[in-house]
Each structure stands twice: as structure tokens, then as C-alpha cells.
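All remarks here apply to the structure that follows.
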Amino acid sequence: MHKPLTLRILSSLDGKSWAALGAFLALALLVVPVLNLGTAEDSAFHISAYAITLIGKIMCYALVAIAMDLIWGYGGILSLGHGLFFALGGYAFGMYLMRQIGRDGSYGADIPDFMVFLDWKEIPWFWSGSDSFGWVALLVVLVPALVAFVFGYFAFRSRIKGVYFSIITQALTYAAMLLFFRNETGFGGNNGFTDFKRVLGHTITSPETRLVLFGLTALFLAATLIFAAWLVKSKFGRVLTAIRDAESRVMFIGYNPLWYKLTIWVISAVICGIAGALYVPQVGIINPSEMSPANSIEIAIWVAVGGRGTLIGPIIGAFVVNLAKSWFTVSFPEYWLFFLGLLFIVVTLMLPQGLVGLWKKLQEKNASRKGTAA
Amino acid sequence: MTKYLLILLLCVSTLPARAALDAAQVRQLTAEDSSDKVAAIRQLTQTADPDAVRVLKAMAEDSLFLAGDKAVIIDGDKAFDAASGAPIKMPANPESPTVNNRIRGELASALAALKLFDADATVRLASAQKLQSQVTPEMAPLLARALDKETDAQIKALLTLAHAQANLANTDPAARLAAVKALAATSSPTIKSVLLPLTEKAGEPDDKVRYEAIAAVKAIDSRLAIAENIGRAFSGLSLGSILLLGALGLAITYGVMGIINMAHGELLMVGAYATYGMQTLFRAYLPEAIDWYLPAAIPVAFFSAALVGVVMERTVIRWLYGRTLETLLATWGLSLVLIQSARVLFGAQNVEVANPTWMSGGIEVMPNLMLPWNRIIIIGFAMFVLALVWLLMNKTRLGMFVRAVTQNRPMAGCVGVPTSRIDTMAFALGAGIAGLGGVALSQISNVGPDMGQGYIVDSFMVVVVGGVGQLAGAVWAALGLGIFSKLLEGWAGAVIAKISILVCIIIFIQKRPQGIFALKGRFVE
């Protein structure tokens, strides 16, 4: 175990995976910008702004899915409240974006429009510093981490687990949603934050800004994947998996599961928060419905569809489900909920290991057939 | 009305010996100026004479005229002298006085006040009740006279109040003091607002009366607060019984099979839509028995929800035993399918379910505390269902099997309990109880595809707090959460109440991770 950290990180993925990751980054950082900016709109190779926003959005969801997989697939703890951390990160960064509007709002005031509407005269204390990018970037990490730490500490300390934990996290995000729906809470109530103009002084809707955000999301997704791969193969990750499989035995050996669970829970929340912060400038809106229990439970189905306990699974799941969602809601809006509902049922009944598990099973079958033939 | 008037007039005209009204006063009713008319109406009211009723009624019905210098009442082709009521010759060209809205209002309250002297006690009672909100200082002598004559205790109490209210503007401080003292014993917000001006120096020069008024307002306030809190506790009780109906089913399914059924709220919805369906059927085929649709809906809702439950259990849930987290996701999927099915079948809008007539209205305990019948009936219904479930679980063979499976599934199977059939039965029972909850819910809230979603989190909280598989736990937790959240709502608003309850539950679970009534033994884990 005396390998340097960089080497250990390098060895957390095999050669094929590194190649795939490199190809993905090349695609996101080079091919997509060229095809978006460098081709004519009617060209067959043109990638539209809509497609970039959609893929960017889904990459944020994929980040959330990885975070969910870390806690559910590797930690065995099903959270139905991850939408809360996502929304908290989004709201934290949304505060900065609201301040960047400056005097260009419809009231031309120094404070965001909804505060004018509430007849507030100045920025409330919890908004102070929100015009500084550095402070807000810190908030994006700290707020979800703090909420997750406090909640997780009490929940794990009293050994709440299984469905009890799931239900309580659902109630947590539900309560937070109600809180953010109130106008007096100071985060825009029902409408949340929208009508952003600039980010770091650049127009938020310009193609270049969009591509930069897209590239950043892709980079962060790749980085999270590498980090997660290293984490689950480290000693920490192995103890975590052991806790998932037999908590009592791990305790008898002498580990305290509390800190392992709490660490992965906070890491997971932070990844969600950053994903939310990347999501808001790309989509252009954040409102309390992101915290609805239904949204959070959908995150679980992305992971389940892809295959939990694997790292590529959640990404596949997030892409498959969300692409299906954007296709369904445009073509057959009536049937989307039927499809989603059946997806929940079919995946849990027939595909407990998700698409990745199915793929592995098929491969094994092929291999054994070849084996018997030879 | 004209007939009534005619009979009245005939009676009066056959009794010429009766003292007539002051002719000048009656003449003033037809004066040019509205203020003169108002003054005349008030003076006539003071006489409390049945004849005044006759004249004022005629005026309200536009049959009072001015002929020469006399007020006459013209009814069809007959004419009477207004003051004496004696028939006279039809005058040549009677003039109709203007009766504008102000006069009409004055006439209406005058007639209402005069009803205090009606021979019929029920008419007097109604009039006294109506008067409570529109007492004016001028009525004081009239009320005093009515109070003198009154024999009925209930009417007398009402009149005393009204008299006291009218006396508040009396010039004599002693009379005001007596009035304030009389009013201090009431508990109505209107009387409080009448007394409020007297608590300030500008409104009440006499110190003694003012202090008495301040004390009276305080006394009324505290009584109002008590009533308000009782009202809150009551609505908490009714919320608790709805939660109980939701949680009883969950307690059974979670207790027996250890599965979390996220589609439980949608089973409530099935019950509510079954009620809606029965209402539609009754409207179409049995409109004369429409009030009975609700009792008829109870078995229908129970069995339709139970049927949905059986289908759910047989097709999905039974394949997932022992994998609770997966069951949670699969039942969530089921709930989405059920919601969308309701949308497709009944439309995305809420449907209208009306209260039967015997459920509308309520019992008025205090002037500002009304206990609505529909909530009282729901509380009773929840008790009834609770009793039924208790009997079923404790006194029947099925209940014994269910309890056996809850306690130790492999052992129960070994001694011959058909565990898989018990699972289906228990799930159907839980679903059916949710359906009954839907019937109750349809009477107090909207019936729509999303209605189940709002109750699912609360129902789970009840199960979490109450402890798994415990009827007693579910009862105490449901009532406790219901009352606690309604009381908190009154003080802090709905959202803060919800959040603080969640925080309380998390803290509570720190102390008692297994709920109020924990199962004891090795299989607890």
C-alpha cells in the first residue's frame, strides 16, 4: 500500500476505461463545439443548441446518479431525498446568477425582482456575499455538505436504516420543498430563480458560454467518475461495501459504521450540490419543484435502470431514462407516467442488476456457449 | 302575504275599541323628508303596538298612501285609515310616498324588532337571535319593554344581552356599568368589538365603566381563545382520524410483510373515486335516495381497493419479499401507473363529491366554535373501522394467522399457516382499509388523481412513530400527530408546523428507534 496517490488513482481504472474516458472528453470538449459553432445550421453534422442543453442537463443528472450510486449501490442506503441536495446547490449558485442580473431586472432595482415584489428594501443577511463567485462556489459545496452532515449524523447515529431512512429522507425533501415554496423564505417562492442574464460577466445565453458550461460539466463528470472509481476501490470503499452487506459483522470486527456512512453520505450530497450548480445556468431556472419527492425517487430509478453497484451503470441509466423522458413528453405526454411506472416495476422485478447486469449476463451466456462448443 | 294582511285588518276593524295609533305620527310616515320618515318609523316601533306592525308592513309593501292630510292603506279596491284601521271611502288621488333603500332597511329592522312582541315564542326567539348583530342604542327602551313581558328563559337571556348592548350608549354611567357587566359573561367576537371602544378614554369618560370594560374584554378574549383551541384540537382529531385510516392499512401491510407500500395513497384515491362512482350511479338511477349513496359507497370502496390490492400483491409485490428497498421502488411505479390511470379514466381535474344533506351543518358549541357534522361523522367512522380491525385481528382465525405470520413467518408456516395466502389476504385488508379512508377523505377534501400523494408522507410518519405492526401505536401516533400539527398550525402556520413536526419525529426516533410501542424480542432488528 505504498503506491503514491496518483498511481493509485491511475490504477483505479483499467486501460480500456481510460481510453473510453479520453474519447468522451475529446468528444465533449472538441467535437461538439466544432460541430455546434463550425457547421451551418442546415448541415447534417450540426449539433443544435437544444441538443447541447439537453445533453448538458442529462450530464448533470448523470452526476446525481453517480452520487446516488455511491450511497445506494455501494453503501446500501436508499436516499429518497437527493433532489434536496441537488436543489440546494442549484439555489446557492442561482443566488449568484440573480445578483449578476444587476439592474437589468424588470424593476431596475439593485435587489432581485422578487424581493422588490415582497417590498424588501435590502438584501437579507443570508444573501450577503452572494455577488462574489468565490463565496457562492463555497456555498455550493458547504450548504449541501452541512445539511447532509447534520441530518446524517442524527439519522445514522440512532441506526435508522433501510426503508425507515428512505421514508425520512423523503419527508426531509418534502418539508424543504414546502419551505422554499413560501415567499418569505427569501428564495423566490413558487417561481424560484429565473431570467438569468450573465455568468462571470458573460452573457448566459451566448453559444460560447453554453459550450463552456457544457465542457465544464463533461470535465466534472469525468473527474467524479475517476474519483468514484478510486474511492470504491480504496480501503474506505471496501469497508463501505462490507457495511452494506453485513453491518453487524463489520461492527464486531471493530469498525464504527457511523463515520463510513456519514462520509459517503456527505460526499454524495456534495456531488449533487455541484451538479445542481452546473445545471441551473444551463437550464436557466431553479424552483422548489426540484425538491419534490417524485423527483428524488426518479433519481433512484436512473441508477436502478443502469445497474447499481457499478459506476458506468448510473450514467447509462440517467441517459436512457432522460432521453426517453424528453422523447415521450414531446410525442406521447399521456403515456410517460405509464412508461415510468412500468419501468420501476419491470426493472425491480426482472432486472435487479440493471442494464449493465443484463449485458454481463448476455456476455457470460455467449462465453459459456462458446466454451461448450469448443 | 296580502291574505295575511287582510285577515289582520279584518280582525282589527272588528275591534274598533282598540286604541288607535297617533294619527300625526302615522301621517309623518308619508312625509317628504327621509329623516322625518325614519324618525316616525322609530317612534312607531317604540310603541310596540300590533297596529304599528300593520302600518309598517303596509308601508314595506308599498300600500301606504297619502290622501289629503291623512295616511291611508289601500288594498286592492278597499281603503282603510292607517292610524285607526277603520275602512274609509276610496280617496280620489292618493299619493305614494317614496320608499328608498334607507327607509326599506329601517322598516325591515323595525318589523324584526316588533316581532319580539309576537304571540308565537318561536317567532320571538328567531327575532331575538337576529337582533343580536344589529342592536342600536335607540332600541334600549323597546328591548326593556320586551324583556319585561318575556317569559321564556332562552329568549330572555338573548334579550338581556341585546338590552345590555343597546344600553352601552346610555348617558347614565350606572346603566352602562350594568350593561358591561352583563356582556362580560358572553363569548362572542361581535360583542367584543362592541365593547372595545369603551376600553379607551375617548370612548368612555367614566373610569369605573372603562375598567369594567377592559376586564370584560379580557374575559371574553380568554373564552374566545379557549374556544379556538378546542376548535383546533377538534380539527386535529379529525385529521388524526384520517391519518389513522391511512396508517391502519399501512401498519398491517408493513407489519405482516415488512414491505413499504408507496402506492398506499393511491388506494385511498381508489376508494375516493369509488365514492364518486356511487354518487354518479345514484344520481342517474336513484335520485330520490341520493343521500344514501355514502353508506352504499363504503362496501364498494372497500372491495374495489381490496381488489386493486390483490392484483398488486399477486403481480408485483409477492416476487419481491425480503427486498424491501426494491419493493419501495416497485410500489412507487405502481402508484404512478394508478395516478395516470385515474387521469385517463376520470380526467386530470378534481371531481365533485357532495356531502349528503345529513352531513352538512354542524353543532354550535360556542358562538365562534362550530363542530361540523362531516368531521364528527368521520371521527366516528374511524373509530368504527378501528373497532372492526381490532376485532378482526384479535378475535378471528384470519387475525390469528396474520399475527402469527407477523411474529415469526417460518414458524407459522411450519405449523400449517398458509403464509402466502395470508400475505394476499392481509394486503387486501390493508388496501381495503385505505379504500375506506378514501371514502372519508372524499367528504372533506378534493377528489383528484393526485390526492393520495399528500397523505402518503404523513401516513408513513404515523407508522414510523407508532412502531411497526402495532394497532395501538398507530392509533396514538395518528391522533397525536393530527392534534399536534393542527395546534402548531394555529400558532406558526402550516409550513413551519410541518417542518417542526418532522424535526420532532427525527429527534423522537433518536430516543425510541422502534416507535412508541416497540416489539420486544430477538426478531426486532
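Values in this text are rule-based calculations from the coordinates and carry no lab data. Small disclaimer: the values here were computed from a predicted structure and weren't measured. Cβ placement follows ideal geometry from the backbone for every residue including glycine, while neighbour counts extend to all protein chains displayed.
Data for the structure
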| quantity | calculated |
| --- | --- |
| Computed label-point distance, nm, for sites B:Asp148 and A:Met350 using a 7 Å Cα→Cβ extension | 9.4 |
| q = 0.08, 0.13 Å⁻¹: log10 I(q)/I(0) that the Debye formula gives for the range A:5-373, counting C-alpha atoms only | -0.43, -1.13 |
| Segments A:113-119, B:252-258 sorted - mean Cβ within 10 Å per residue, highest first | B:252-258, A:113-119 |
| Charge dipole magnitude, Cβ of K and R +1, D and E -1 - the protein assembly as shown, Cα centre, debye nearest 20 | 4340 |
| Given charges at beta-carbon only (K, R positive; D, E negative), |dipole| of the range A:75-233 in Debye | 700 |
| Cβ-placed point charges (K, R +1; D, E -1), dipole of the range A:5-373 about Cα centre in debye, nearest 20 | 1700 |
| The protein assembly as shown, Rg to Rh (Cα coordinates; Rh as Kirkwood inverse mean 1/r) | 1.13 |
| Length added when fully stretched, B:Asp118-B:Ser341, from 0.36 nm per residue minus Cα-Cα | 74.1 nm |
| 11 Å cut-off, amide nitrogen to a point 7 angstrom out along B:Glu364 Cα→Cβ, residues in the range B:107-145 | B:126, B:129-133 |
| Degrees between helix B:207-257 axis and first principal axis of chain B (Cα, 0 to 90, nearest 10) | 30 |
| Nonlocal amide H pairs with B:Val447, under 5 Å, H built at 1.01 Å | B:Val351, B:Val353 |
| Derived scalar couplings ³J(HN,Hα) [the range B:477-492; Karplus, 6.51 cos²θ - 1.76 cosθ + 1.60; whole Hz; x for Gly, Pro] | 5, 5, 5, x, 5, x, 5, 4, 6, 5, 5, 5, 4, x, 8, 10 |
| Tail beyond 18 Å, pair distance distribution of the range B:245-368 (Cα, percent) | 61 |
| Residue mean of other protein chain beta carbons inside 10 Å, A:157-165 | 5 |
| Cβ-Cβ FRET estimate between A:Phe154 and B:Met411, R0 fixed at 25 Å, reported to 0.05 | 0.10 |
| Cα coordinate range in the range A:77-128, projected on the principal axes (Å, largest first) | 47, 18, 18 |
| Top positive-direction residue, dipole computed over the range A:5-373 with Cβ charges, set A:Ser48, A:Ala87, A:Phe151 | A:Phe151 |
| Cα-based Lys pair tally, the range A:5-373, threshold under 18 Å, eight or more apart or on separate chains | 8 |
| Angle between chain B longest axis and helix B:173-183 axis [Cα atoms, degrees, rounded to 10] | 30 |
| Where a label projected 7 Å from the Cα of A:Asp110 along Cα→Cβ would reach, residues of the range A:75-102 with amide N under 13 Å | A:102 |
| B:Ala31 paired with B:Ala169, simple spin-label distance in nm, labels 7 Å along Cα-to-beta-carbon | 1.8 |
| Chain B - Debye-derived log10 I(q)/I(0), Cα point model, q = 0.09, 0.10, 0.12 Å⁻¹ | -0.81, -0.88, -1.04 |
| Shielding by partners, peptide B:321-330 (average Cβ within 10 angstrom, other chains) | 6 |
| Positive-pole candidate from B:Phe508, B:Leu224, B:Ile155, dipole of chain B, charges at beta carbon | B:Phe508 |
| Segments B:153-161, B:106-114 sorted - mean Cβ within 10 Å per residue, highest first | B:106-114, B:153-161 |
| Degrees, to the nearest 10: B:153-167 long Cα axis against longest axis of chain B | 70 |
| Which of B:Gly466, B:Leu21, B:Val417, positive extreme of dipole for chain B (C-beta unit charges) | B:Val417 |
| For A:342-352, mean number of other protein chain Cβ atoms within 10 Å | 6 |
| The range A:180-325 - percent relative contact order, Cα under 8 Å, separation 6 or more | 25 |
| Pairwise label distance in nanometres, B:Asp62 with B:Lys181, each label 7 Å out on the Cα-Cβ vector | 5.1 |
